[in-house]
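What follows is a single structure, written as structure tokens, with notes after it.
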Amino acid sequence: MPKFLLAYSLLVLKPSNYSYIFIFLISLFLFFTGLFSTTGFFVATKKFGKERDPRVLFREVLKISAYVSFGIFIFFFLRGFKLISLLNIFLSVAFYLALGYQLFIYGRKER
């Protein structure tokens with residue numbers, strides 16, 4: 001089954017075989033972790049590259065990206081079992097983005 005059908009069945013239909021959902025969610029979790037850790041590492045090396053060891057920096061970025069990917073995984077997992085709606089997902093993500101901006105970007109400028 002192609003991935004777009006898996007995503008469609010996860011978001012719209014209630015499938016009869018849940019193994020497809022779990023395989024899709026695990027691959028989505030690994031993809032997001034790799035994507036966020038790679039881009040986060042490049043951003044962090046531009047910002048903190050001269051001050052810190054790159055290995056320690058990559059470990060911290062990998063930990064943060066795994067947490068973010070796990071949050072996305074949980075949202076899609078709950079959506080797959082029709083426990084939350086897409087509106088709840090978008091509102092929660094918008095809230096966490098605004099909170100992260102307030103804490104990490106705006107808060108650093110205030111100090």
Quick one: net charge of D53's neighbours, Cβ under 12 Å, K/R +1, D/E -1?
+2
Kindly write out, for region 83-95 in residue order, the coupling ³J(HN,Hα) from the Karplus curve 6.51 cos²θ - 1.76 cosθ + 1.60 (θ = phi - 60°), rounded to whole Hz, with x marking Gly and Pro.
8, 9, 9, 5, 4, 4, 5, 5, 5, 5, 5, 5, 5
Full-extension gain in nm, F48 to Y101, via 0.36 nm per residue minus C-alpha separation:
17.3 nm
If you filter region 36-103 for chymotrypsin sites (Phe, Trp or Tyr not before Pro), then keep DSSP loop positions with at most 13 other Cβ within 10 Å, what is left?
F81
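Where a number appears in this text, it was derived from the coordinates with a stated rule and is not lab data. What you see is a predicted model; the values in this text were computed from it and never measured. Ideal geometry is used to build each Cβ from the backbone, glycine not excepted, and the neighbour counts take in all protein chains shown.
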